[in-house]
Each structure stands twice: as structure tokens, then as C-alpha cells.
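Worksheet for the structure shown next.
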Amino acid sequence: MQWFTNINTIAFMLRGVDILAVLGLIYIMLSLSNDRRTLLMVRGIIFLAIFSVVSDRLGLRLLNFILDKLLIGAAVALAVILQPELRRFLERLGRGDLLSLLQPTASWRSPVETDSVIEEINDAVIELSQNRTGALIIIETGEPIDDRDFSVPGVRLNALLSKELLHTIFQTTTLLHDGAVLVREDRILAAGVILPISEKAASREIGTRHRAAMGITDRVRNCFCIVVSEETGSIAIAESGILDRPITSSRLREILETKLGNYRPTPLRRTVPTFNWQWLSSSFKNMVSRKSSEKK
Ligand SMILES: Nc1ncnc2c1ncn2[C@@H]1O[C@H](COP(=O)(O)OP(=O)(O)OP(=O)(O)O)[C@@H](O)[C@H]1O
């Protein structure tokens with residue numbers, strides 16, 4: 001009898017280990033990327049897998065067959081999308097660096113000299129406006145914008161932001177003046193970025209530079225755009241797909257201070273919560289002891 005109880009406990013523990021291993025695998029998958037869309041895909045695949053298991057258990061053969069095929073397709077697509085992350089994962093696995101696999105990929109924002117960023121952007125925009133130099137600047141206010149949100153991601157610069165550099169980029173004699181400049185924290189990440197054009201009826205009367213500012217801020221919420229018109233020298237701000245123009249230089253500073261002033265170096269939103277292993281192991285122990293006392 002004692003032997004039988006032991007076998008049962010071992011089987012129960014193995015099932016627990018099995019569930020833990022699957023949870024660990026899901027956790028590692030979610031840790032591989034901080035990209036929101038990839039995480040949504042991983043979540044979608046997990047749901048598919050759950051539905052597939054449920055349909056199998058319920059004996060829904062046709063549904064299970066379709067879900068299985070879908071799952072294979074989705075897994076292949078995910079492997080292609082996550083190719084660099086998977087390579088890194090396999091490298092770490094090969095090195096035996098197992099502990100680091102359990103750490104979520106935490107990228108931390110570098111300290112931002114907010115005041116100087118505001119100052120540099122403000123001065124550059126006013127100067128561009130006075131010289132009637134057309135400009136389009138997209139500024140991130142939260143999580144990094146995915147390159148796939150741009151029509152063309154442009155040329156990567158990753159240079160420290162300065163009014164001189166902004167000014168130089170938008171001179172019509174430079175190769176990079178066409179398109180938008182992307183600002184992330186205190187850096188000019190890229191230039192010559194082509195943004196999606198807004199298709200809103202209200203935007204039809206407006207030129208393409210302004211429509212591009214409306215288009216990207218409509219699609220991506222964690223950013224705003226500053227537009228300087230080449231024709232009139234007027235300054236406009238686009239946010240959530242809405243254009244505010246013309247705005248005065250004092251209003252520009254106000255907006256920059258509101259949008260970037262409170263923007264302190266914060267960690268990137270951790271899409272993967274830190275796992276409470278202690279809680280999990282104590283719950284598991286309690287469960288096992290409860291189960292064995294029930295058997296007695
Ligand atoms: N989709 C886009 N993404 C980024 N920049 C763009 C895009 N479309 C146009 N531009 C920029 O806008 C410039 C053309 O501006 P256009 O005259 O058509 O617009 P506008 O809104 O009337 O601006 P302006 O008042 O400066 O003339 C292009 O040379 C290019 O630099």
C-alpha cells in the first residue's frame with residue numbers, strides 16, 4: 001500500500017515537474033523579446049496550443065486537426081520572426097549559460113539629459129522655422145517605435161542629439177534631408193525615415209510632410225511629431241493623428257517641456273513579469289503534502 005502511495009506521489013510530482021517545465025519554456029519564450037507584437041504572437045500560439053489540447057481531450061477531431069496545422073504554421077512563422085533571438089538563445093544554451101536564460105531581456109534606458117534635449121530641439125526648430133527650412137521630427141515618448149511602423153526606416157545614425165546636427169540634416173543639400181528624423185531619448189536614431197501618410201479626410205488638403213506626421217502619430221501613440229513648413233516656416237505639432245498648427249515658439253517649448261520634462265529614465269516596460277519562484281515552490285510543496293495526507 002505504502003509502495004502504491006509512493007508511486008502515486010512520484011507520478012504526481014512528475015506531472016508537476018512537467019507543468020513547471022512548460023511554464024519555464026513559456027517564460028523563456030516571452031523573455032526572448034521585448035517587442036509587443038512578438039509577445040502577442042507568442043501569446044496567440046500559447047492559446048492555439050491550449051485550444052488544441054482541449055479539442056483533443058474533448059475528441060473534436062476535425063477542429064483538433066485544423067488547430068494542429070495552424071499551430072505548426074504559426075510556430076514556423078514565429079521561428080522566422082524570432083530568428084536573431086533564437087540564435088542568441090541557442091548560443092547561451094550551448095555555452096551552458098542556463099541562469100541567464102531565466103533573466104528577462106531587460107534593456108534599460110540610458111540616462112537622458114532631458115533639459116538639454118528640450119533646449120537643443122527647441123532651438124533647432126526655431127532656427128529652421130526662421131530660415132524656412134522644411135523639417136519633420138518624430139520624438140518617442142515611451143517604448144521604442146517598431147521599424148515596421150515606418151514605410152522606410154531610413155538611415156541609422158544613432159548620434160548624440162544637437163541643434164547643429166538637426167539643422168545640418170534638414171539642409172536641402174544633404175542626402176538625408178528628405179523624410180523624418182527619429183529622436184529617441186538624447187539621440188538622433190535615424191534620418192530619412194519615410195512615414196505612413198494619413199488617409200484621414202481632414203488631412204487631404206494638407207501637404208505630404210504634415211500628412212506623414214499625422215499618419216505616424218495616428219498609428220503609434222507613444223510619440224509626437226514636430227513639423228516645420230518649408231513654404232511658410234510655420235511650426236506644427238502632430239499627436240494621436242491630429243495636427244495642431246501654427247504654434248508659437250513659446251507654445252513649442254511648453255509642449256516639449258510637458259512631453260519630455262516628465263520623461264525620466266525609466267526602465268522599458270517589462271512585458272515579462274518577474275517570476276516568484278519562492279511562491280511557486282511553497283505552493284507546490286503544500287499541494288504535495290495535502291495530496292499525500294489525503295491518501296493516508
Ligand atoms: N511619407 C513621408 N515621410 C517622411 N517625410 C515625408 C513624407 N512625405 C513627404 N515628406 C517630406 O515632405 C517633403 C514634401 O513636403 P510637401 O511640400 O509635399 O508637404 P507640406 O506638408 O506641404 O510641407 P511644406 O509646408 O514644407 O511644403 C518631402 O520632400 C519630404 O522631405
Give me the net charge of P153's neighbourhood, meaning all other residues with Cβ under 10 Å from the Cβ of P153; Lys, Arg count +1, Asp, Glu -1. -1
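Arrange the peptides 177-189, 53-65 so that the one whose residues have, on average, the most other Cβ atoms within 10 Å appears first.
Working: 177-189: 20.8, 53-65: 12.6.
Output ranking for 177-189, 53-65: 177-189, 53-65.
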How do I255, I139 line up, fewest other C-beta atoms within 10 Å first? I255, I139
Once you list every other residue whose beta carbon is under 13 Å from the beta carbon of D68, what net charge do they have if Lys and Arg are +1 and Asp and Glu are -1? +1
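What is the extension gain from E91 to E231, computed as 0.36 nm multiplied by their sequence separation minus the C-alpha to C-alpha distance, in nm to one decimal? Don't skip to the answer; put the middle values down first.
Numbers: separation 140, 0.36 × 140 = 50.40 nm, distance 5.37 nm.
Here the segment from E91 to E231 would lengthen by 45.0 nm.
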Those aspartates and glutamates that a straight Cα-Cα span of less than 12 Å connects to K200, excepting residues fewer than 8 apart in one chain: D218
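Taking N as the number of residues in the range 114-262, what is its alpha-carbon radius of gyration divided by 2.2 N^0.38 Å?
Details: Rg = 13.5 Å, N = 149, 2.2 N^0.38 = 14.7 Å.
Normalised by 2.2 N^0.38 Å, the Cα Rg of the range 114-262 equals 0.92.
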Loop-only check: which chymotrypsin sites (Phe, Trp or Tyr not before Pro) in the range 134-240 are DSSP coil with at most 12 other Cβ within 10 angstrom? none
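A short reminder: the numbers here are calculations on the coordinates, not readings from a lab. These figures come from a predicted structure and were not determined experimentally. Every residue, glycine among them, receives a Cβ derived from its backbone with ideal geometry; neighbour counts consider all protein chains shown.
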